[in-house]
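First the structure, in the form of structure tokens, and then the observations on it.
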Amino acid sequence: MAKKHGNYYIPSEARLAFVIRIRGVNQIPPKPRKILKLFRLKQINNGVFIKLNKATTNMLRIIEPYVTWGYPNLKSVKALIYKRGFAKMNKQRIALTTNDLVHEIFTVGENFKYASNFLWPFKLNTPTSGWRKKTNNYVEGGDFGNREEKINELLRRMV
């Protein structure tokens, strides 16, 4: 349609990100430590869904050396919620099996914040075949930073 009118089609930016903590607690300055706490990333290999906006993008830049993140597809969101998803109910961890939650999280709907906080942070395994190099950025052949669509491949190795 855009080509027909002489315009270019530019896909919209992703609105949903999945963030995984890859580094421990030692020698982290106070500001990144506070942001990791805000994102509920308390342990190595913990992961959470985050709604991307200007504020969260700036926070991700600050904690970039300690996390890896990207834009999950529907298949990855379903796999995470069904295999590793637990809800917070009366301060207890309860397993999940509902499509409504998958839809709300993937579409980043109006109740995304409540749906995301309803979920316990995902406790993932270390990826099969391990990390490559945690101290280098993903674009330099390491592990931390933005993986964009490649997060789906990592999630399949960790679930």
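The values are calculated or read from the model by the stated rules, or taken from the named source; none is laboratory data. Predicted model, so just to flag it, every value in this text is computed and none were measured. Note that each Cβ is placed from the backbone with ideal geometry, even for glycine, and that neighbours are counted across all protein chains shown.
Residue pairs whose Cβ atoms lie under 9 Å apart, sitting 6 or more positions apart in sequence or on different chains, and linking a residue in the range 136-159 that is more than 17 Å from Lys83 (Cα to Cα) to a partner that is loosely packed, with under 13 Cβ neighbours inside 10 Å and among the polar types (S, T, N, Q), are Gly142/Thr135; Asp143/Thr135; Phe144/Thr135. Might you let me know whether the range 50-61 holds any residue that is in contact with a helix residue (DSSP H, G or I) (Cβ under 7 Å, 6 or more places away or on another chain), among the β-branched types (Val, Ile, Thr) and in a strand (DSSP E or B)? Yes - at least one qualifying residue is present in the range 50-61.
Among what's in the range 86-100 and is touching a residue at least 12 places away in the same chain (Cβ under 8 Å) and out of contact with any helix residue (DSSP H, G or I) (no Cβ under 9 Å at 6 or more places or on another chain), pick the residue that is nearest to Val159 (Cα to Cα). Filtering first and then ranking leaves Phe86. Residues in the range 65-77 that are surrounded by fewer than 17 Cβ atoms within 10 Å (Cβ to Cβ) and in a helix (DSSP H, G or I): Pro65, Leu74, Lys75. Only residues that are in contact with a Phe, Trp or Tyr (Cβ under 8 Å, 6 or more places away or on another chain), part of a loop (DSSP other than H, G, I, E, B) and loosely packed, with under 11 Cβ neighbours inside 10 Å were counted across the range 94-129, and they come to 1. Every condition in (1) closer than 17 Å to Asp143 by Cβ; (2) in contact with a helix residue (DSSP H, G or I) (Cβ under 8 Å, 6 or more places away or on another chain); (3) not β-branched (Val, Ile, Thr) is met by Ser116 except one, and the failing one is (1).
Mind telling me which of the residues Asn90, Asn73 ends up being modelled with pLDDT of 90 or more and polar (S, T, N, Q)? It is Asn73.
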